[in-house]
Structure formats: structure tokens, C-alpha cells
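Worksheet: one structure, shown below.
The values are calculated or read from the model by the stated rules, or taken from the named source; none is laboratory data. What you are looking at is a predicted structure, and each value in this text was computed from that prediction instead of being measured. Note that each Cβ is placed from the backbone with ideal geometry, even for glycine, and that neighbours are counted across all protein chains shown.
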């Protein structure tokens with residue numbers, strides 16, 4: 001098989017789905033994971049199957065799997081699916097992430113929420129990257145020149161204080177260091193590792209606070225006065241996937257409308 005293959009977590013909707021469609025358009029076949037529930041709290045595969053069908057219509061082979069990235073068995077199943085279906089992984093995109101179920105004051109936050117958010121947003125990507133990186137090192141031995149890359153989807157919350165969701169901020173700060181660590185370790189194998197850092201993006205996660213962000217954007221919190229879109233983030237991942245940034249391993253690519261610019 002000559003087509004490159006990407007594993008993308010959390011790809012049933014939003015940013016993950018946009019990344020999957022971008023990569024499909026660039027010639028990648030895909031393995032996508034999700035961990036969706038319906039309004040009653042029951043497992044729901046509908047969005048993932050719809051995403052997989054849309055990816056297939058774009059001309060890419062696609063396999064989808066329900067997987068909780070915080071669990072070792074689910075991470076292993078995701079990698080095993082890629083091995084069995086395609087026999088290779090050229091790109092890993094760690095996109096799956098959750099917000100706290102409730103925004104509460106930092107002084108009232110619970111260990112339960114902290115543990116769950118850190119498990120999904122940091123522990124899961126950390127150990128999935130370890131698993132895929134080992135496989136990529138095997139692939140590198142077989143092909144000294146084939147492009148191999150890992151992308152972590154972070155957040156401006158890595159450096160922006162939100163005391164009502166401290167666990168989320170800490171998890172994304174950890175993703176930044178995780179990116180640097182793996183970029184350093186894997187450079188000798190010419191495996192590039194990058195962080196794409198979204199700002200205020202229109203997704204299910206931000207829908208509940210849309211009015212707040214509408215106001216902040218109108219007031220100029222970002223130099224570009226508009227919401228970001230999942231496609232904006234996907235375009236940055238696409239640039240990495242096509243090798244345009246291969247000499248920039250370890251770098252953070254901000255997709256935030258200029259939020260990180262400090263202005264007086």
C-alpha cells in the first residue's frame with residue numbers, strides 16, 4: 001500500500017473531523033476514534049459513522065473505533081486496528097480532549113474532575129504517542145526516509161488562566177511539554193513532533209459560552225475579530241502533514257487569530 005495513513009483521535013465531530021477531511025483530501029487513509037454519548041448518557045456511534053462515510057466519499061479508506069484514550073486497552077486496540085487495516089502509520093494526531101463537566105471556582109474544584117480531564121487530555125495522548133512512536137521507530141528501520149510525524153492539538157489554555165476550569169488549563173500546559181519531550185527524543189529517528197494550538201474555535205465545546213466569546217471577540221481579544229473554525233486548525237495540520245514544516249520539529253503552531261500577540 002502506497003497511500004499514507006493517519007490515526008486521529010476524537011474525529012467524529014468538530015476539529016477532529018475537519019482534520020480527518022483535510023487529510024483525506026491530501027491523500028491519507030484514516031483510522032479515527034471517538035467516545036461519544038447521546039443525551040441520555042448512552043454510547044452513541046452515529047456521528048462517528050457519519051464522519052467515516054463522509055471521509056470515504058472524499059476518496060479515503062477509513063476505519064472507525066470507539067475508544068477511550070485514557071484506557072490502555074483502548075489505545076492498544078486503536079493501534080492494532082491501524083496495523084491490521086493498513087499495516088502502517090505515517091501520522092498520529094492527538095486531538096481527543098474534554099472540558100470539565102462543570103465550570104467551578106478553582107477553590108471548589110474536585111479531584112474526580114481533575115483526574116478525568118488529565119487522564120483524557122494528557123495521560124491518554126502521552127501513552128498513545130509512546131505506543132505509536134515505538135511503531136514508527138520500527139517503520140523507520142525499514143524505511144530510512146519515509147516521512148513520519150506526530151501532531152498534538154493543544155490550546156491557548158496552556159498559557160491562559162481560566163480559574164473556573166483549572167484542570168483543563170493544566171492538561172493543555174502538559175501537552176506543550178509533552179510535545180517538546182517527544183520532539184527531542186524522536187529527532188534522532190527523524191520523526192517530527194508538533195503542537196497545533198487553537199484559540200477560540202467554534203465547536204461543541206465552546207457552544208455553551210458562545211455569548212461570552214462573541215462579546216470578547218467584538219471587544220478585540222483577538223486582533224482578527226472572528227471566531228476560528230475547525231477548518232482553520234485542520235489547515236495547520238495539513239501543512240505539517242505535507243512536510244512544509246519538517247525542519248520545525250518541537251514547534252507550536254498558533255491558530256488563534258493573533259491571541260498570543262501582546263498589545264498595549
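So here's what we get for this one:
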| quantity | calculated |
| --- | --- |
| Number of positions in the range 235-257 that are free of Cβ contacts under 8 Å to residues at least 60 places away in the same chain, more than 27 Å from residue 146 (Cα to Cα) and in a loop (DSSP other than H, G, I, E, B) | 1 |
| Condition check for residue 232: over 14 Å from the mean Cα position of the chain (by Cα), part of a helix (DSSP H, G or I), at pLDDT 95 or above and on the phi < 0 side of the Ramachandran plot | no |
| For residue 260: the one exception among (1) assigned to a helix (DSSP H, G or I); (2) in contact with a helix residue (DSSP H, G or I) (Cβ under 8 Å, 6 or more places away or on another chain); (3) touching a residue at least 24 places away in the same chain (Cβ under 8 Å) | (1) |
| Of the criteria (1) at pLDDT 95 or above; (2) part of a loop (DSSP other than H, G, I, E, B); (3) farther than 27 Å from residue 183 by Cβ, which one residue 85 fails | (2) |
| Given (1) assigned to a helix (DSSP H, G or I); (2) over 24 Å from residue 253 (Cβ atoms); (3) touching a helix residue (DSSP H, G or I) at 6+ places or on another chain (Cβ under 6 Å), number of the condition residue 119 does not satisfy | (3) |
| Conditions (1) touching a residue at least 40 places away in the same chain (Cβ under 8 Å); (2) under 24 Å from residue 157 (Cβ atoms); (3) part of a helix (DSSP H, G or I): number failed by residue 107 | (1) |
| Selected residue (only one of 20, 47, 11 is part of a helix (DSSP H, G or I), in contact (Cβ under 8 Å) with a residue 24 or more places away in the chain and buried (at least 23 other Cβ atoms within 10 Å of the Cβ)) | 20 |
